Every structure is written in structure tokens, then in C-alpha cells.
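To start, the structure under review is shown below, and the notes come after it.
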Amino acid sequence: MIDLGSLSDAFALLGSSFTPWMFVVPGLVIGLVFGCVPGLQTSMAMAVFLPATLTMDFLSAMLFLTAIFTGGQFGGGVSAILMNIPGTSSAVATTFDGYPMARQGRHNEALGVALIASTVGTFFGYTALLVLIGPLSKVVLKLGPTEMFVVILWGLTLIATLRGRYLGRSLLAGTIGLLIGTIGMSPNGVLRGTLGNDHLIDGVPVIPAMIGMFAASELFTVGRGAYLVEGDVNARKVSLRRIFAGVKLGLSTPMILLRGGLIGTLVGAVPGVGSSVANLVSYSETRRRAKNPESFGKGDPRGVAASESANSSSEGGSMVSLFALGLPGGAGTAILLAAFNMHNITGGPRFLREHSDVVYAVILANLAQAVLLLIVGLILIRVLSAIVKVPLRYLVPIVLSMSAFGAYGLTGTMAGPVTLLVFAMLGWALRRYEYSIPGAVIGLLLGRMAEGELLRSYQISGGHLDYLLTRPVTFLLLVILLASLFLPMILEQRKRSRGGDGGPPRNASPVTSDKSA
């Protein structure tokens, strides 16, 4: 599967000059900082620094921008863990267990788990890209709107798994998120729910809404305390030893890291879906497979590992559509495509065929970036995690102000800060009455995407269900989805019926039961 001649040329290309490598560490640092700051986005950092790549050669430009991409994926997890603010939509699932760990004084361990999961995920994603770019590009060409709809539907199933104390309230919160996501112009050109407000024609700004529901509502709640992490000074200590313990803890769950890497790579390769779905699917699958799923959402490091490994590996997956098809898989790869155009290069099968040495060079360099991310992350993580030492009387107004400025920067109007305030109040109400905020955010994030893919499927098929008979990949994905939903419940029921829960088997005599005990 690997073109050994092109691979050899790629090694020669990377070793011929140190210039491309000079931009990797600055790119990682920029990505980390932008990913950590509430309201800023990795794609924003890439867009800001895109003009600087005009003076670089193509390989240097790609290494610089992909380094920002890699650093930003982990940076979004840092703010998700420490402040309950997913720095990117791909870090939503990281908040589910990362922030509870931080509130319990285990922020060092959570950051260590996230760092090693991001490193392994990035390495896995680009390794898969190196080996499978040819076959994956052919598979991606076969994916239509029906397949994408099933993948997005898989992400939406997480709403049901994040039930908390009340399954009905979680589903209702998810429905509220779905309804909010329908506000604005629909995919078929129908205006809905704007109440005459022109700012809502394009829909509710998702990132300000997400920050409002997750972060601002939480800050309103914790603002009465003294610090994010309660307890004595030792509880808020930033310890490199404990961060290394978190790294070791993450490495103790290799199957979770590999499964997250596989899910992230495959889902990330689907154009337009990407890491926003991958981290949710990975978290959901890890929770379903766990022997004690009730511990998730309360500070289980396995949840952090599952989310971070998937969102980081999705970066490599998204490069499949960029290199092989010339299609961006998300905002980050859209900016990489702009860099292609700035250097008069067109992605697609021809580029993959004629410049395979450059493609392999970018992939190999990103494998090295994964290792550098671990080093740079360990160096900067002490500075980034020092936020737990800041008193809340200073931290709350600073974070809210930065979030408001970031929301304004994302929209360019006051619609961003207003959205932040409105959804902060909605998030506070949901939290107050024990409705699932993650469920609402998942509905908001994925509902509009699902609607668009469903509409395109309907238009292509003409409304005829027999169209599905021509889509075997859709059937395969549906089988996987249904199996992931119902197979654990069926196996658990069979286990109970056979006495696997510790009680006597059906039709067993008391004597037999005593012997088995």
C-alpha cells in the first residue's frame, strides 16, 4: 500500500533542509495558546497566520499550519478540563469527565491523560493515513449523504447515554438543542424561527452558544467559591510528577486509545463531519463497553482518553479528503486548502499521483509533530494549568470577558456576546433543574448537519426507500450503529438470565446455587 520509492524521496526531502522544521515548534505553541483561550479557535489561528506562509515554500507552509492544527486540538482539551470550556467543538466530550476530575483536584492527572491521548491519537491518525491513504480515498468517494447521515446519527445517540439521573430530561434537553439548531435558513431555503431578527438568518452562532451553556453557566455556579479546585494549597498544586502519573494512567488503557484513534481516523475522513462527531462516538462507545458505565461523567479518566484520542486522530483522517479528493473535511482543512491555492497547487488524485513524495513528507513530519507535541505539552502544561491557582473572584470576570470578546470576534457583531449571555442563562436553568447540558449541545452541534444530509438523501432518492438497497455501505453502518446500541443490552440481559449477575441461574436448585457460590 505504501509507495516505497516516494517514501524514500520524502525522507530525502525532509532531511535536505532544516528550514521546514523551524516552523513546527512555533506552530505547536500558537495552536496550544489559541486552543486554550476561551472564544478563540484553532481555525482562527490558522487563518490569522495564513498570510505568513506566502514567503515560505509549500512544505514549510504545510508543516507550520498542521503544527497549529495539532497544537490546537490538544489546547482545546486543556480549557475543557480546567474551565469546562471546550476550546473546539471536537473537545465537547472531554468536558464530560475532564472537568469533574479538575474539580476533584485531579487536574494534573486529567491533563496528563489528555496529553498522551492526543499524542497517541495524532500518531495513530497519521500512521493510518500513511498506510491507507490510497484505499481510504476510494472508500471516501463511495460515501454519500445517506452514509454521512448515519455517522452523524451515531453521534446523536450519545444524548441517550448521557442520561444522568433522568433519561427523559436528557432526551428533552437534546430535543431542545435540535430545535434551536433548526433556527435560521434551512438547507432547502426555508426561513424558520428567526422572529424577524436578521442576525439569526444563518442560525444560532454555535461556538458562542456552546461556551455560554458549558462555561458561563458553570462560572455562575462556582463563582461563590474561592478557587476552581477547593481544598488546601496542595490540592491546587501543579505537579509534573502527577502529570506524568496521568500520562502513565492514559497508557494503561491502550485499547481505548487505539479504538479512539480508529474511530477518529475513519469518521474524520468523512468530509464535513470530522472531529465534532468523532469524539462523541468514541466517548459513547467507550462508555457502553465499560463494566461500570455509571462512573462516566463523574471524573473517569477513560472518558478523557477516549475523547482526546479520537479528536486528535481525526486530523489525520481529514487529510484523506484534502490530499486525495481536494475537499476540506472541516474548517482547519479548508484553510490548508487555501494554502494549497496560495502556492498554486490543486489537491486531488492528480496531486496525489504526481507529488506523492510531498504528501509522504507532510505525513512523516506530522508523525514527528506528535512526539514534539508531547515534549512541548509537558513544558507548557505547568503554565497552562496554573489557572487553578487563580482566585475565582478574578478568574470569573476575566474568563467571561475573554469569552465575550471571543464571541464578538467570531461573529463580528454584538450577536456573539448576546448569544453567549442568552445561552449562559439557558445553561444555568438546565443545570439548576438537572437537565443534560451536553445533550443540548450535542443536539445543537449535530442536528443541523443531520438535517442537511437527510434532505440531500431525500432529494437524490426522490423519496423512494428502495434507494437504500443500492447503498450497501449505509446498511453496514446501520448494522454497526444498531449493534453498538442494543448488543450490550442484549448481552447484559442474557448474562442476568444465566445468573451472571451473581444470583442463581434460572431453574437452578438451591444446592447448585450454593456450589457455584
Q: Can you tell me which of 189-199, 24-34, 171-181 comes out highest on packing, and rank the rest after it, using the mean Cβ neighbours within 10 Å?
A: 24-34, 171-181, 189-199
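If R₀ is 51 angstrom, what is the calculated FRET efficiency for the pair Lys495 and Val131, using the beta carbon separation as r and rounding to 0.05?
Working: r = 38 Å, r/R0 = 0.74.
Rounded to the nearest 0.05, the efficiency is 0.85.
Roughly how many percent of the accessible protein surface of region 66-107 is carbon and sulfur, given a 1.4 Å probe and a whole-percent answer?
On the way: 230 of 470 Å².
Using a 1.4 Å probe with all protein chains present, region 66-107 comes out at 50 percent carbon and sulfur.
Hey, what's region 1-96 come to in accessible area per residue, 1.4 Å probe, Å²? Can you show the working numbers first?
Details: 3030 Å² over 96 residues.
Accessible area per residue: 32 Å².
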Q: Give, in nm to one decimal, the length gained when the segment between Met185 and Glu434 is fully stretched (0.36 nm per residue of separation minus the Cα-Cα distance).
A: 86.5 nm
Q.
Could you work out what % of the accessible surface of region 435-489 is carbon and sulfur, using a 1.4 angstrom probe and leaving DNA, RNA and ligands out of the count?
A. 75 percent
Q. Points 7 angstrom from Cα along the Cβ direction at Asn197 and Glu294: gap in nanometres?
A. 4.1 nm
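Out of region 424-483, which GluC sites (Glu not before Pro) are coil in DSSP terms and have no more than 15 other C-beta atoms within 10 Å? Don't skip to the answer; put the middle values down first.
Details: sites: Glu434, Glu451, Glu453; in loops: Glu434.
Answer in residue order: Glu434.
Solvent-accessible area per residue for region 346-496 at a 1.4 Å probe radius, Å²?
So region 346-496 comes to 54 Å² accessible per residue, rounded to a whole number.
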Q) How do the peptides 285-291, 437-443 rank, highest first, by the average count of neighbouring beta carbon atoms within 10 Å per residue? A) 437-443, 285-291
Q. Using mean Cβ contacts within 10 Å as the protection proxy, how do 393-404, 462-473, 61-72 order, highest first?
A. 61-72, 393-404, 462-473
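First compute the accessible area of region 241-304 with a 1.4 Å probe, then give the percent of it belonging to carbon and sulfur atoms.
On region 241-304, the fraction of accessible area on carbon and sulfur atoms equals 64 percent.
The values are calculated or read from the model by the stated rules, or taken from the named source; none is laboratory data. Computed from a predicted model, the values in this text were never measured in an experiment. FYI the Cβ positions are ideal-geometry reconstructions off the backbone, even for glycines, and counts take in every protein chain you see. Each accessible area value is taken on the protein alone, full model and side chains, heavy atoms only, with ligands, DNA and RNA left out. Shrake-Rupley method; radii C 1.70, N 1.55, O 1.52, S 1.80 Å.
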